[in-house]
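First comes the structure, then the notes that go with it.
The values are calculated or read from the model by the stated rules, or taken from the named source; none is laboratory data. Computed from a predicted structure; not experimentally measured. All Cβ positions, glycine included, derive from the backbone under ideal geometry; neighbour counts span all protein chains shown.
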Amino acid sequence: MTTNESVQFHMRFVTEKHQELIKILDELVVSLVGENIENKKKIGQLSLIKANDLKASISQQDSPKWLPSLIAGLQYFQGNTWKQTNLIGHLINNINQIKKHKWVFENPADTAFDFDSIFEHYKAESRLPELFNDIVKILEEIQASGELDSLVMVKGLGQVIATLKKSKDGSYFSLNGAWDFLITFLQNYMWGELAKIPVLGSAMEALEKTIKETNEEMFKVHSNVQAEMKKVVELEIKGLKNKSSFKFLEYDKTGAQLPDSEILSLNESV
């Protein structure tokens with residue numbers, strides 16, 4: 001066991017995700033030999049989530065060979081590419097290897113804490129992927145409506161859409177940058193102009209609702225990531241003389257360093 005506290009924490013984190021995966025795979029095996037088709041799909045989906053959780057907690061070079069093949073098999077099963085007999089066969093051939101896997105990381109004393117892995121884990125647990133896709137869809141509908149008579153607005157909206165598409169699956173800072181860009185564009189340019197077009201009323205209502213829901217999810221993800229990082233850093237500096245409490249950047253419910261009222265009162269500018 002290494003004396004590096006942050007590495008110990010990361011090892012415990014990865015081991016916990018590994019054990020969660022093993023538990024749900026045992027449930028999946030039982031369900032696959034049963035008769036309840038809906039339950040098979042449900043537990044198969046949960047197994048896929050747990051497998052992706054484990055993948056998000058480690059770097060690509062530390063990923064065992066059985067993990068990507070398991071994820072692919074579970075994805076095939078969800079998409080009906082594999083029948084249950086294929087999945088059962090895959091599990092029979094690999095379950096012992098999955099259960100007996102021992103996590104060993106090279107140069108543990110020098111291992112850096114993987115910030116993006118923690119972010120990916122909590123993002124995967126949230127509704128952010130779904131909500132960002134919804135925002136892109138609504139913006140594309142507005143863009144294709146033919147109601148925009150300003151070339152500047154059309155161009156700006158296209159840039160926002162392209163930025164969201166490129167950044168929504170990116171790193172912590174990439175996603176946050178795209179979010180700030182979207183909010184700035186909405187507040188300073190788009191909201192007031194599009195509110196003047198009555199035919200876009202329902203789209204604007206849907207956009208406002210989705211923005212508010214995304215605010216909440218951004219806040220939850222930021223809070224969870226911050227709590228994990230604070231825990232690790234305080235473990236790392238434990239024992240240093242005259243240490244003070246480590247402070248992280250604070251985020252409000254906009255998911256950025258902006259007053260909550262600036263974002264959640266979008267409808268007041270309509």
Given the criterion more than 24 Å from A56 (Cβ to Cβ) and without any contact (Cβ under 8 Å) to a residue 12 or more places away in the chain, identify the matching residue among S150, S202, S145.
S202
Just wondering, is there one or more residues in the range 42-64 that are modelled with pLDDT of 85 or more, out of contact with any Ser or Thr (no Cβ under 9 Å at 6 or more places or on another chain), in the same structural domain as F77 (by TED's automatic domain parsing) and not in a helix (DSSP H, G or I)?
yes
Could you please find all residues in the range 194-211 being loosely packed, with under 15 Cβ neighbours inside 10 Å and part of a helix (DSSP H, G or I)?
P198, V199, G201, S202, E205, K209
In the range 50-76, anything farther than 16 Å from I95 by Cα and surrounded by 15 or more Cβ atoms within 10 Å (Cβ to Cβ) is listed as N52, D53, K55, A56, S57, I58, D62, Q75, Y76
Which residue is surrounded by the most Cβ atoms within 10 Å (Cβ to Cβ), if the candidates are limited to the range 32-47 and must be within 13 Å of L91 (Cβ to Cβ) and under 22 Å from the mean Cα position of the chain (by Cα)?
S47
Of the residues that sit in the range 114-152 and are under 19 Å from F185 (Cα atoms) and among the acidic types (D, E), which one is surrounded by the most Cβ atoms within 10 Å (Cβ to Cβ)?
D134
Within the range 69-91, can one find any residue that is assigned to a loop (DSSP other than H, G, I, E, B) and polar (S, T, N, Q)?
yes
